[in-house]
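Taking it in order: structure first as structure tokens, then the write-up.
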Amino acid sequence: MAEAFLRKYAGEHFEVYSAGFDPQPINPLTLKVMNEIGFDLSSQYSKDLKQFLGKTHFGIVITVCANAEAKCPTMPGVSTRLYWPFEDPAKSPGTEEEKLAKFREVRDQINAKIKTWLKEREFRKALSPWNHSHSQPENPLFSLRYCLGFRARATAALVQRA
């Protein structure tokens, strides 16, 4: 989710990557709640962090869960490392509707955090009010499940939950 939002709002400023320690297929509820707001992630897949280590330089690394933060290796050349703890909606108990509500809640939290962070960094692109319309975004976007990274055009790396 975070990768999709970051690509939409500041894709011309960041090369955005996402990866995890134990990549799993993207949760169908993630696909559903992102599709509700016009993001088609159906062709995206989770990537292993190992495919980037030692091959891609990241200026910014953002981890988005405690497990990823604890496991995320030191990456040479990273100028900024951030930790944005979000609850894992896949671990939420309840009915399908209750789980969907949790996925929407976390989606909206991620969206708000990215917008705030970009405003703090003074990125102005596409930060118009986000709504729940079903219109398609300008470009196909990729899915970040749980850890975020950036390289500087900047480059960003995202690390997923284990």
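The values are calculated or read from the model by the stated rules, or taken from the named source; none is laboratory data. Note that the coordinates shown come from a computational prediction; the quantities given were computed from them, not determined experimentally. When we count neighbours, we look across all protein chains shown, and the Cβ atoms used for this are built from the backbone with ideal geometry, even at glycine.
This table checks each residue for (1) surrounded by fewer than 17 Cβ atoms within 10 Å (Cβ to Cβ); (2) modelled with pLDDT under 95; (3) acidic (Asp, Glu).
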site	(1), (2), (3)
LYS99	no, no, no
LYS102	no, no, no
ARG107	no, no, no
GLU120	yes, yes, yes
PHE123	no, yes, no
ASN131	yes, yes, no
SER135	yes, yes, no
GLU138	yes, yes, yes
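Looking at the structure I just gave you, is ALA66 farther than 19 Å from GLU36 by Cα and aliphatic (A, V, I, L, M)? For ALA66, the condition - farther than 19 Å from GLU36 by Cα and aliphatic (A, V, I, L, M) - is met. State whether the residues of the range 45-60 include one that is among the small types (Gly, Ala, Ser) and either in contact with a Cys (Cβ under 6 Å, 6 or more places away or on another chain) or touching a residue at least 24 places away in the same chain (Cβ under 8 Å) (or both). Scanning the range 45-60, I find at least one residue that is among the small types (Gly, Ala, Ser) and either in contact with a Cys (Cβ under 6 Å, 6 or more places away or on another chain) or touching a residue at least 24 places away in the same chain (Cβ under 8 Å) (or both), so the answer is yes. In the range 39-50 there is no residue that is in contact with a Lys or Arg (Cβ under 6 Å, 6 or more places away or on another chain), closer than 14 Å to ARG104 by Cβ and surrounded by 19 or more Cβ atoms within 10 Å (Cβ to Cβ).
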